[in-house]
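Rule-based calculations on the coordinates, nothing more; no lab input. Everything quoted here is computed from the prediction, not taken from an experiment. Backbone-built Cβ (ideal geometry, glycine too); neighbour counts: all protein chains shown.
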């Protein structure tokens, strides 16, 4: 993995793209991509030891097995998942700690959003020739409103204020 967070994110997205995974960057990284930058906050409301990268993946069987290849390429042991007799991609949450960040792979969000619809309205930024798909502004707001944690409420307020100021 890279020595810096941006490089690490690019590495992860590059490997996801190489395997043709359908995914969206969500959470705090998506908030930053939409223009409001903040440190990662843990469940207790304190600044996290290291940032997290939240990725919402399309929980189809094909995407799930390609995702296991990605995790292997990133140096993770996925033998237990490959050996599962009846995997359930819709319930398969993955969390991996890397030196620079924590990677959370989510098959669903709390908001009642359909992956295919959100994927169709995604936004994409290209950095160092790597396409990074992230959740649309409206879908991000919908997810943040459902979560309704203090950090999510602040994110919504800041993102809406920025959107108004940018017009």
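Pick from region 120-140 the residues that are part of a helix (DSSP H, G or I) and crowded, with 19+ Cβ neighbours inside 10 Å: which of them is nearest to the chain's Cα centre (by Cα)?
Here is the first cut: in region 120-140, the ones part of a helix (DSSP H, G or I) are 120, 137-140.
Filter once more, keeping what is crowded, with 19+ Cβ neighbours inside 10 Å: 139-140.
Details: 139: 13, 140: 11 Å.
Filtering region 120-140 for residues that are part of a helix (DSSP H, G or I) and crowded, with 19+ Cβ neighbours inside 10 Å, the one nearest to the chain's Cα centre (by Cα) comes out as 140.
In region 17-99, which strands (runs of 3 or more DSSP E) lie fully inside it and hold 3 or more residues that are free of Cβ contacts under 8 Å to residues at least 40 places away in the same chain?
Details: elements: 23-26, 52-57, 94-97.
Strands (runs of 3 or more DSSP E) meeting the threshold: 94-97.
Right, residue 80: at negative phi, out of contact with any helix residue (DSSP H, G or I) (no Cβ under 9 Å at 6 or more places or on another chain) and surrounded by 12 or more Cβ atoms within 10 Å (Cβ to Cβ) or not?
Details: at negative phi: yes; out of contact with any helix residue (DSSP H, G or I) (no Cβ under 9 Å at 6 or more places or on another chain): yes; surrounded by 12 or more Cβ atoms within 10 Å (Cβ to Cβ): no.
Here the answer is no, as residue 80 does not meet what is asked.
Can you name the residue in region 141-153 that is in a helix (DSSP H, G or I) and without any contact (Cβ under 8 Å) to a residue 12 or more places away in the chain and, of all such residues, is nearest to the chain's Cα centre (by Cα)? Write out each step before concluding.
Going through region 141-153, the residues in a helix (DSSP H, G or I) turn out to be 141-147, 150-153.
Those still in the list that are without any contact (Cβ under 8 Å) to a residue 12 or more places away in the chain too: 152-153.
Details: 152: 15, 153: 19 Å.
Filtering region 141-153 for residues that are in a helix (DSSP H, G or I) and without any contact (Cβ under 8 Å) to a residue 12 or more places away in the chain, the one nearest to the chain's Cα centre (by Cα) comes out as 152.
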